[in-house]
Amino acid sequence: MGDGVGILDREGTILDANGALVEMFGHPKHELVGRPGRMLADPERFDLDATRERLRRAWMGKAQRFTWWCRRKDGEAFPTEVTLNKGRFFGRDVVVAMARDVSLRFARQRAVEASEARYRATFEVARDGLVIVDAASLEVRSANARAVDILVGAQGDASSSGARFGLEGEGLVRLLRGYGVTETETETEAELRRTLGSLEDTGGHASMPDWCVVREDGALRWVDLDFARFDSPGYHPVLGRSQSLVLVAVHDITERKRSAEALRAFEERERVAERLRALGELSAGVAHNFNNALTSILAHAQILVRSPAVAEDVREDLQVIERVAREAAVTVRRIQSFARNRDPEALELIDFGDVVANAVALTRPRWQPGGGGGKWRFELEARPLEANAKLLIHGNAAELCEVLVNLILNGLDAMPEGGRMWVRTGVEGDRVYAEVEDTGSGMDEETQRRLFDPFFSTKGASGMGLGLSVSHGIVRRHRGEISLVSAPGQGTRFSVCLPRVDGELDEAEVEALPRARPSTILVVDDDPTVRRAVGQMLGELGHAVVSACDGREALTCLDAHREVGLLLTDLAMPVLDGSGLLREVGRRWPQLPTVLMTGLAAEADPRAVEAAGALLRKPLELASLERTLARLIPG
């Protein structure tokens, strides 16, 4: 169909119409001539004032061109492209109107818009980030909101496209600058170019898995990147001119990575815990053997010291042996306390000052090797307290000792060439505290932020990165805080603060008791050297001794020796241990006094301790044994 032509007067009345116009609108010519042109307009879209203005300008000689929605005789609305020009018709001035039906063009445009809407909806609601980039320049042409959230962080209107987020024109290289994978934009670009160069060989698809992106807000995001090349022929309303493009799909795997890392961290903690449990069992066994040996040494030394036949110079040597053996016994107890495997929730009333002193003593071989002056100067300071006051807390002494040992050793490691260290204790309000300060290399802010993270270490390959994270967990479990103050080159000060409690520690009272009456005492221990040493101590105190190597033999002895006036038994023994022996004795001879002796006092069965009349810690000392017997079998 050709262009429809109508002749209009100054008021817009139709003076004539060609056949094309008649066919276009479906009105016979006689229904058009003499009628106003607005009869052909679609009343729902007709603007009378705008139409009059265009007609006026055309009458003034200014050509007009515009889109005008019309309606056919059958009621169908359709768009036309109308031009108005001034002309002459049979000697009079007129306006010549030419109308072209553009329905097909509008339909095509609507189809393109619908396609674009479907594309944009799919693009925006995708769960993965989608970025379209120029293959040559690697500049972003479009990005959905999810891509912006992953690569930049949520900003602005979440319904906006990447262009309105500021990503259009942004370089993909800068957005994907890696952490730990590539450290510079040059390295990132080289990796991207290499991947894009492989698209031809891989059927138009390539990927970069496990890529770590550093967002502008400093957050790290782990992503899998998939690349697909496509061409954009002609002009695209969103992408612009014809160009070779690459679609980049950004799949966020950060949570999956974190879950995997958390699982690895848990497994590593379990392995470390298992090693610590094995170490604790080994330490307990070693301490048990040492206690038995020290019992024999102390017994013989103390018996000889009491002998009037010993020369004075020999007596002094024996006193040295006795003192050193006692110090060794204290060291063994500290090792037992440190390696003790016990329920971390089982807290008891302890003196935090004693815990700190134990930690200092346990680390002494490191900062004072060989007992002489090392390259470190160590100072232990206790802030003044009221008379006889203690730093009482509810806690697990072994765990807290582990925290302080770790802080002290870390401080020494920070001073490889030597330096000074202070360990301070005191009270602030309702809190007790311990400080460990060194003059070492110090730490920057980034290191301090990550210091308590699992597996973060400043010691390189020599450190597991668990010490401070475990210490942090222990202190938090005690309802306390651990903090630090540090700066590069200015050393570090760690502070551990814990809630202070009121109470009194159970301490053995030294009573002035009369000597025990001479009695027959049954000594039960699986170590013959201990039985012999304890027998000599009891003989020195005027008692007769019967001995047995385990609980079963002890029961036989009790049946055979009705004169036995007291049972002194070890805890850990084969066949029948001390706990089982005490239960049987309590059932068969309830009036017989009993004493439990052990180097594992902390691990002893509470029922066994309750069943015994007294508890003696190995290695036995003559004075403690004498007081205990005087209380149980007074003269």
In the range 69-95, anything surrounded by fewer than 17 Cβ atoms within 10 Å (Cβ to Cβ) and either closer than 18 Å to GLU11 by Cβ or not assigned by the TED database to the domain that holds LEU32 (or both) is listed as ASN85, LYS86, GLY87, ARG88, PHE89, PHE90, ARG92, ASP93
Scanning the range 199-209 for residues that are open to solvent by 30 Å² or more (accessible area, probe 1.4 Å) and at pLDDT 85 or above gives SER207, PRO209
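Pick out, from the range 1-101, the strands (runs of 3 or more DSSP E) lying fully within it that include 2 or more residues that are touching a Gly at 6+ places or on another chain (Cβ under 9 Å).
Details: elements: 4-8, 14-17, 64-71, 77-89, 92-101.
Of the strands (runs of 3 or more DSSP E) lying wholly inside the range 1-101, those with at least 2 residues that are touching a Gly at 6+ places or on another chain (Cβ under 9 Å) span 4-8, 14-17, 77-89, 92-101.
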Residues in the range 405-432 that are in a loop (DSSP other than H, G, I, E, B) and over 26 Å from LEU392 (Cβ atoms) total 5
Of those in the range 238-260 that are in a helix (DSSP H, G or I) and either modelled with pLDDT under 75 or open to solvent by less than 70 Å² (accessible area, probe 1.4 Å) (or both), the residue farthest from LEU172 (Cα to Cα) is ALA260
Quiz prompt | Meets criteria (more than 24 Å from HIS300 (Cβ to Cβ) and in a loop (DSSP other than H, G, I, E, B)) for LEU581 | solution = no
With respect to GLU183, determine if the residue is surrounded by fewer than 16 Cβ atoms within 10 Å (Cβ to Cβ) and at pLDDT below 80. yes
Per the filter on the range 276-309, residues closer than 26 Å to GLY542 by Cβ and exposed (fewer than 15 other Cβ atoms within 10 Å of the Cβ) are ARG306, SER307, PRO308, ALA309
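Looking at ARG100, is it of a type in the set (Lys, Arg), more than 19 Å from GLY19 (Cα to Cα) and open to solvent by 60 Å² or more (accessible area, probe 1.4 Å)? Before you say what the answer is, go through the steps one by one.
On the way: of a type in the set (Lys, Arg): yes; more than 19 Å from GLY19 (Cα to Cα): no; open to solvent by 60 Å² or more (accessible area, probe 1.4 Å): yes.
Considered against the rule, which asks whether it is of a type in the set (Lys, Arg), more than 19 Å from GLY19 (Cα to Cα) and open to solvent by 60 Å² or more (accessible area, probe 1.4 Å), ARG100 comes out as no.
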> Is it the case that ASN388 is assigned to a loop (DSSP other than H, G, I, E, B), at pLDDT below 85 and over 20 Å from SER486 (Cα atoms)?
Replying inline: yes
Only unsatisfied item for LEU130, checking (1) in a strand (DSSP E or B); (2) more than 38 Å from the chain's Cα centre (by Cα); (3) not assigned by the TED database to the domain that holds ASP9, is (2)
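Take the residues in the range 559-578 that are in a loop (DSSP other than H, G, I, E, B) and open to solvent by 40 Å² or more (accessible area, probe 1.4 Å); name whichever of them is modelled with the lowest pLDDT. Give the steps one after another, and end with the answer.
So in the range 559-578, the residues in a loop (DSSP other than H, G, I, E, B) come out as 561-563, 571-577.
Retained after the next criterion (residues that are open to solvent by 40 Å² or more (accessible area, probe 1.4 Å)): 561-563, 572, 574-577.
On the way: HIS561: 91, ARG562: 90, GLU563: 92, ALA572: 84, PRO574: 88, VAL575: 87, LEU576: 90, ASP577: 89.
Looking at the filtered set, the residue picked out is ALA572.
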Within the range 19-36, of all residues that are open to solvent by 50 Å² or more (accessible area, probe 1.4 Å) and within 19 Å of ARG100 (Cα to Cα), the one nearest to the chain's Cα centre (by Cα) is GLU23
Log entry, pairs with first residue in the range 409-432 being open to solvent by 60 Å² or more (accessible area, probe 1.4 Å), second being assigned to a strand (DSSP E or B), beta carbons closer than 8 Å, six or more apart or on different chains, reads ARG420/TRP376; ARG420/ARG377; ARG420/PHE378; ARG420/GLU379; ARG420/ASP438; GLU428/CYS497; ASP430/PRO499
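The values are calculated or read from the model by the stated rules, or taken from the named source; none is laboratory data. None of these values were measured; they are calculated from a predicted model. Cβ coordinates were reconstructed from backbone atoms using ideal geometry, including for glycine residues, and neighbour counts include every protein chain displayed. We work out accessible area using only protein heavy atoms, side chains counted, and drop any ligands, DNA or RNA first. Shrake-Rupley method; radii C 1.70, N 1.55, O 1.52, S 1.80 Å.
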